[in-house]
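Colleague: My questions all concern the structure below.
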Amino acid sequence: MKKIMGKTIVISLVLAPMLLAETVKMQELQVEAKINSVKISDVSGEELKSADLAESLSETVPSISLVRRSGIANDIILRGQKKDNINVLADGTKTYGACPNRMDPATSHILTNNIESVEVTEGPFDVENFGTLSGMVDIKTKKPSKELSGEVNLNAGSFNYKKASATVSGGTEKVRVLLSASTESSDQYKDGNGNTFADQIDNYLSSTAKEAYQPARRDMKAFEKKSFMGKLFFNPTDNQELRLSYTANRSDNVLYPSSAMDALYDDSDIYNLEYSVHNMGTFSKQLDFQVYHSEVEHPMSTKYRNTSGEGSVDEMVSALTSSMDGIKLKNLMEVGEAAVTVGLDASRRNWDGSYTKYGMMSSVITGRKSIDDVNTDNIALFAKVEQSFGKLDLEAGARYDDTTIDHGGAMQDRDYSSLNGYLTGTYNADGGIQYFAGAGKSSRVPDARELYFTSSANALIGTPTLDQTKNYEIDLGVKKQYENAYAKVKLFHSWLKDFIVYNGSAGVTTNRFENVDAKVYGIEFSSFYAATDALSFDAGLAYQRGKKDAPLSGQSDRDLAEIPPVKVNAAMNYETEMTRSKVEVIAADNWSNFDSDNGEQAISGYAIANIKWNRDLTKGFDITLGMDNVFDHTYAVSNTYKDLTLLASAGNEVILMNEPGRYIYANLRYRF
């Protein structure tokens, strides 16, 4: 596999130089409601409250739920799927978090102020990218413009939140440049009961518990974050474009109160090169080449907790790094009336980590590996065909993957191969009605944590014999477009073969990950109605259920973990020439179906209201004022699945992290 990867990269790098010879306008965001996906545009222009993409997506897309980990860098669940089960791309690149406890998920490495649009595609209907099991979040960042343009934002909010960001872009017909930078920080937010992070721990444990924050650290900031993005686009000829970009994120002292450790820092770097040639002839309408590298460094520590004592006595540090190298070559051509795309995709994911212990047991634990320099090498061939037959649009795709996972130590290596594909059809009937049907099969291999992760006590939590997960899915949908409205309903049923789950039974101390067959099914609804030129309404609903075919070893609960209850998003928007206003309600039912054998618990439902108002001022200035959780409700959105290592009381009551209470913010923006 390593030789194949090497040859692939060399061949592609040699080829590259040779190649040189129905949108509905909503008042807040532009949402393109396709039958099989949702595209959210102008993210950077509207999501001014926070840089956290996970929060933005959970408030905009009903089928996405938030997993609260901190004041920043939160995770998402899409259709009951999380982590590697959904694919997160940023301009075609992948960045994998280094933390095995999901403190730095993929969505945390691209900030909203740098994002132009996000397209969320549900289901296994993607063959161009490795590991799209149950859905994909496709992020497109800002592009440089020819005209000199830019913006400056100054943002302040509750809990001493402060942010400043700036973007400038310009160039010529041949060369365009974009530079963007931001800095932000926040104190610990307070929930609806007025509890900070430190207080929430005290409610389950005590201020003197070893996992509680030290007295001198109880009021420290929740996070500090800086980012930079630079892009250079070059057009040597009318039909060629070379795109270079670099993105850096630097996060310091990020608190994760429901876990035993906090992040000392979380640094990521993303390097991307893309090259496109258009209209080369009969056999190539567009040829795209991409090579990228991303890396993350993430040390987490007990430094701020009582367990470390003064002077960092008995401090435990778990330091991990991850990197991703990818290369892709694809060609679009016309064969008769069909658009045919063929391509080659290859990547290497590395994950490495070890423990450092100060004080007692330092000589025993220091240097012990958590994940031992694991490489996941993948190479794939893919093809996609799109063609219309009158009112019927058909699309079919296929992908063959060969994957090798090499352990850097003595544990067994693994080899996987898979053939995946899909067929979708959209029938554009009269009267503005579209019918959609799709069937597909996708797969994803186990990651290094699921296979090999070892605790600081030298217990093998991973299971090296895991099989890859396969998803067999059917989706059905209908969309009705009116002159000033639309409504869309979608059903899905997913059969998961060898789904990877965590066994949290007390008697299981090693090999906690298992394969199990399961089913996930659900319904999604979205709609929009423009009552007048100024007044509009939008609403969405998502419902999912998940069941294991059989309980895990030593258990009886067949409920699948991390399947959120019914969630509803609804908003009223009012727009004039100078002002834009929004009143939004986000609600969810209580958790009545949950995996109690693996740490999940009953959580009450909630309904919160958010309001936002924006006004154009003069000479490029505008101001935004907003209030989230208007009625200061105390609620939680994410459950306590033991796949995450969370704190628990002496009575084994796992900490349930509450959401922020009433949050008031203001943003002053200058555009030119």
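FYI, it's all coordinate maths here, none of it is from the lab. A quick note: this is a predicted structure, and the numbers were derived from the prediction, not measured. Cβ: placed from backbone, ideal geometry, glycine included. Neighbour counts: every protein chain shown.
Colleague: Counting only Cα, what are the radius of gyration and maximum Cα-Cα distance Dmax of the range 414-557, in Å?
Modeller: Answer for the range 414-557, Rg first and Dmax second: 21.3, 65 Å.
Colleague: Using the count of nearby Cβ atoms within 10 Å as a rough guide to exposure, how do F130, F233 rank from fewest to most? All intermediate terms of the calculation are to be shown ahead of the outcome.
Modeller: On the way: F130 25, F233 21.
If I rank by nearby Cβ atoms, fewest first, I get F233, F130.
Colleague: Turning to a different aspect of this structure: Straight-line reach from K369: which lysines have Cα under 18 Å away, leaving out those fewer than 8 places along the same chain?
Modeller: Reachable lysines: K357.
Colleague: Can you compute 3J(HN,Hα) from phi for each residue in the range 624-635, using the Karplus curve 6.51 cos²θ - 1.76 cosθ + 1.60 with θ = phi - 60°, rounded to whole Hz and x for Gly and Pro?
Modeller: 10, 10, x, 9, 9, 6, 3, 8, 6, 6, 9, 7
Colleague: Distance cut-off 27 Å, Cα to Cα: go down the list K441/K547; K146/K488; K163/K210 and report the pairs above it. Intermediate results must be reported in sequence, preceding the final value.
Modeller: Working: K441/K547 19 Å; K146/K488 38 Å; K163/K210 33 Å.
The answer is K146/K488; K163/K210.
Colleague: Could you give the length gained on full extension between S207 and D314, defined as 0.36 nm per residue of separation minus the Cα-Cα distance, in nm?
Modeller: Numbers: separation 107, 0.36 × 107 = 38.52 nm, distance 1.84 nm.
Contour length minus Cα-Cα distance gives 36.7 nm.
Colleague: Ok, one more. Can you list the HN-Hα couplings for the range 586-591, worked out from phi with the Karplus curve (6.51, -1.76, 1.60; θ = phi - 60°), rounded to whole Hz and with x for Gly and Pro?
Modeller: Per-residue couplings from phi come out as 10, 9, 9, 6, 6, 6 Hz.
Colleague: Give the peptides 648-654, 355-361, 118-124 in descending order of average Cβ contacts within 10 Å, highest first.
Modeller: 118-124, 355-361, 648-654
Colleague: Using packing as a proxy for protection, rank 82-90, 140-148 so that the peptide with the highest average count of other Cβ atoms within 10 Å comes first.
Modeller: Numbers: 82-90: 22.8, 140-148: 15.7.
Highest mean packing first, the order is 82-90, 140-148.
Colleague: Any idea how far apart D549 and V489 come out in nm if each label point goes 7 Å out from Cα toward Cβ?
Modeller: Placing both labels 7 Å beyond Cα along the Cβ direction yields 3.0 nm.
Colleague: Please go through the residue pairs K519/K642; K82/K384; K142/K470 and name each one whose alpha carbons sit more than 24 Å apart in this structure. Write down the numbers at each step before the final one.
Modeller: Working: K519/K642 20 Å; K82/K384 26 Å; K142/K470 34 Å.
The answer is K82/K384; K142/K470.
Colleague: List the lysines whose Cα sits under 20 Å from the Cα of K162, skipping any in the same chain fewer than 8 residues away.
Modeller: K49, K190, K221, K225, K226, K612
Colleague: Moving on. Report the paramagnetic label zone for D238: residues of the range 258-277 whose backbone N is under 20 Å from a point 7 Å from Cα along the Cα-to-Cβ axis.
Modeller: Residues 276-277 qualify, since their backbone N sits under 20 Å from the label point.
Colleague: Also, quick follow-up: How many angstrom lie between the Cα centre of the range 416-452 and the Cα centre of the range 367-393?
Modeller: So the two Cα centres are separated by 12 Å.
Colleague: If you average 1/r over all unlike Cα pairs in the range 187-267 and invert the result, what Kirkwood radius do you get in angstrom? Could the numbers behind the result be given before it?
Modeller: On the way: mean 1/r = 0.0639 Å⁻¹.
Value: 15.6 Å, from the Cα pair sum.
Colleague: Right, another one. Given the C-alpha centroids of the range 652-672 and the range 322-345, what is the distance between them in whole angstrom?
Modeller: Spelled out, the Cα-based centre of one part sits 40 Å from the other.
Colleague: Same structure again: Counting helices only, and only those DSSP H runs with n ≥ 4, report the 222 nm mean residue ellipticity of the chain as the sum of -39,500 (n - 2.57) divided by its residues, in deg cm²/dmol to the nearest 500. Walk me through the numbers on the way to the answer.
Modeller: Details: 6 runs with 48 residues, N = 672.
For the chain, the value works out to -2000 deg cm²/dmol.
Colleague: Using unit Cβ charges (K, R positive; D, E negative) and no other charged atoms, how large, in debye to the nearest 20, is the dipole of the range 2-671 about its Cα centre?
Modeller: Values: 71 positive and 91 negative charges, 99 e Å.
Its charge dipole is roughly 480 debye.
Colleague: Moving on. What number, in nm² with one decimal, is the all-direction average of the projected area of the convex hull of the alpha-carbon atoms of the range 558-600?
Modeller: Values: hull surface 16.1 nm².
Mean shadow area of the hull around the Cα atoms is 4.0 nm².
Colleague: How far is it, in nm, from the label point at L394 to the one at L668 when both lie 7 Å from their Cα along the line to the Cβ?
Modeller: Distance between label points: 6.0 nm.
Colleague: How big is D for the chain, in µm² s⁻¹ as a whole number, if Stokes-Einstein is applied with the Kirkwood radius of its Cα pairs at 10 °C and 1.306 mPa s?
Modeller: The calculation lands on 61 µm²/s.
Colleague: According to a simple spin-label model (label point 7 Å from Cα along Cα-to-Cβ), what is the distance in nm between A166 and D415?
Modeller: Result: 5.6 nm between the two label points.
Colleague: Throw me the Rg/Rh for the range 247-300, computed over C-alpha atoms with Kirkwood Rh, two decimals. Don't skip to the end; give the middle numbers.
Modeller: Working: Rg = 19.6 Å, Rh = 14.3 Å.
We get a ratio of 1.37 for the range 247-300.
Colleague: Starting from the Kirkwood radius over alpha-carbon pairs of the range 149-237, derive D by Stokes-Einstein at 25 °C in a medium of 0.890 mPa s and give it in µm² s⁻¹.
Modeller: Details: Rh = 16.3 Å.
Roughly 150 µm²/s, to the nearest whole number.
Colleague: Taking Cα centroids, how far is the range 223-302 from the range 97-118 in Å?
Modeller: So the separation of the two Cα centres works out to 11 Å.
Colleague: Still on this structure, I have one more. Under a cut-off of 13 Å between alpha-carbon atoms, report the aspartates and glutamates in cross-link reach of K140, not counting same-chain residues fewer than 8 places apart.
Modeller: The qualifying aspartates and glutamates are D42, D91, E116, E119.
Colleague: Follow-up question, since we're still on this one. Kindly put Y246, Y427 in sequence by how many other C-beta atoms sit within 10 Å of each C-beta, fewest to most. Kindly include the intermediate steps, with their values, before the conclusion.
Modeller: Numbers: Y246 13, Y427 17.
With the fewest neighbours first, Y246, Y427 line up as Y246, Y427.
Colleague: Can you put E483, E295, E584 in order, fewest other beta carbons within 10 Å first? Please report the intermediate quantities before stating the final value.
Modeller: On the way: E483 6, E295 18, E584 21.
With the fewest neighbours first, E483, E295, E584 line up as E483, E295, E584.
Colleague: Which parts of the range 114-146 would a label at L179 reach, counting a residue when its backbone N lies under 18 Å from a point 7 Å out along Cα-to-Cβ?
Modeller: 114, 142-146
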